Amino acid sequence: MISDSLKIDLEKWGFDSYFKNLAEKEKDSSLIPARVIGHNRHFYDIVCEKGFFSAKTSGSIRYNSVLKSDLPAVGDWVMVSIRRDKSYICSILPRKNRISRRCSGNVIDEQVLSSNIDIVFIVMSLDSNFNLKRLQRYISVAASAGISHVILLTKSDACENTGELFEEAAKICGNKEIYAVSSFDQKTEELLNSFVKPGLTAVFIGSSGVGKSTLINTLSGSNIRATGEISTAVNKGRHTTSARELILLESGGMVIDTPGMREIQNWQEEDSKGFETIEELSQNCRFADCRHDTEPGCAVKEAVENGILPAETLEMWRKQLAESEELKQKKAFSLKILETRKAKRKKRNDETP
């Protein structure tokens, strides 16, 4: 147990009418709502009206979980049982949304990075980390989740060609909001505060060393997230965030810092999400199901030929479309494997005297 001496106002932690209604429908009246604000190997840090606690998942959650996404994630609202000095998460309230990625391995599984998010800050630095394909991947992940997102290009103060790189990124971002920022500029704090309002939850995603933790410190006005020393070998801050954690700011907003991810594979299958420019252009294609490949009368290919749409954007769209179709097949196959494992486990338990 962390503390139980406080009386917590859960509305400050995002407990709105949506989750209140869900919590009231719970059949077990002894359970109370809580939000998951941290996770380590053995425990979940939660906040409820009685204070802050470390909780374990109940046996029923562990037993009935087929995918990793069936387990609690940072940002989740859950129903908990607090019994003296022990706390248990007994159920997870339906998520509004979630940022997920595909786990590596032979069995396809979903890793929920954070849930119940109001805004996603996609962070990329204007140094050797700058990579348009990776930026497009992050945009697609946020767009597929249906969450508002803002692109932040960091370390603008240390970049000699900020304007050029900004224009390159803006071409693939379409009508999304994109900003070049510096932690040394007072306007950066003002910009972040204009998005992270009281009661709202923001998440920062991006590779290691791009300055996510520094931005959170800028947003909070204090050093609540440790940042690593600069490695001259790779010209970036050493990765210091090793786990996801939800932080309540003095301003009333909340932020989730995530470990850096060099690669991220989308778990969602909406192949066109994040490619709004291609979606708009495709309305003028001769065929409604045009794949923008060899079909005649393709408005998307025409836009590439005329320099309106970067060829790299169409290439990324095609690659993501192929991955989405492959993912659908692998999901179905992996789900069968996971369900078989669950059935075998149930059979062993039933046979145990």
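The values are calculated or read from the model by the stated rules, or taken from the named source; none is laboratory data. If you're wondering where the values come from, they're calculated on a predicted model, not measured in any experiment. Every residue, glycine as well, gets a Cβ built from its backbone with ideal geometry; the counts of neighbours run over all protein chains shown. Quick note on the areas: whole protein, heavy atoms, side chains included, nothing else; ligands and nucleic acids left out. Shrake-Rupley method; radii C 1.70, N 1.55, O 1.52, S 1.80 Å.
Pull up segment 285-324, narrow it to residues that are of a type in the set (Lys, Arg) and in a helix (DSSP H, G or I), then point me to the one that is modelled with the lowest pLDDT. Within segment 285-324, the match that is modelled with the lowest pLDDT is Lys319. Only a single item in (1) in a strand (DSSP E or B); (2) closer than 29 Å to Val141 by Cβ is not met by Lys56, and it is number (2).
Out of curiosity, is Tyr18 more than 24 Å from Val203 (Cα to Cα) and not in a loop (DSSP other than H, G, I, E, B)? No: the conditions fail for Tyr18.
Listed by first and then second residue, the pairs with beta-carbon distance under 9 Å, at least 6 apart or on different chains, first residue in segment 19-33 and over 17 Å from Ala55 (Cβ atoms), second basic (Lys, Arg), are Phe19/Arg35; Phe19/Lys96. Candidates are the residues of segment 12-43 that are charged (D, E, K, R) and either modelled with pLDDT of 95 or more or surrounded by 12 or more Cβ atoms within 10 Å (Cβ to Cβ) (or both); the one that is farthest from Asp85 (Cα to Cα) is Asp16. Of all the numbered requirements in (1) in a helix (DSSP H, G or I); (2) out of contact with any Ser or Thr (no Cβ under 8 Å at 6 or more places or on another chain); (3) over 29 Å from Asp28 (Cα atoms); (4) open to solvent by 10 Å² or more (accessible area, probe 1.4 Å), Arg62 misses one, and that requirement is (3). Taking segment 83-98 as the range and being at pLDDT 90 or above and of a type outside the set (Gly, Ala, Ser) as the test, the residues that pass are Tyr88, Ile89, Cys90, Ile92, Leu93, Pro94, Arg95, Lys96, Asn97, Arg98.
The residues of segment 141-182 that are touching a Leu at 6+ places or on another chain (Cβ under 7 Å), part of a loop (DSSP other than H, G, I, E, B) and either open to solvent by 20 Å² or more (accessible area, probe 1.4 Å) or at pLDDT below 90 (or both), listed by number, are Lys155, Cys159. Among the residues of segment 72-105, those identified as open to solvent by 40 Å² or more (accessible area, probe 1.4 Å), touching a residue at least 40 places away in the same chain (Cβ under 8 Å) and part of a loop (DSSP other than H, G, I, E, B) are Asp85, Pro94, Lys96.
Scanning segment 272-284 for residues that are modelled with pLDDT under 60 and surrounded by fewer than 20 Cβ atoms within 10 Å (Cβ to Cβ) yields a single hit, Ser272.
Only one entry in Lys133, Lys197 is in a helix (DSSP H, G or I), open to solvent by 60 Å² or more (accessible area, probe 1.4 Å) and of a type in the set (Lys, Arg), namely Lys133.
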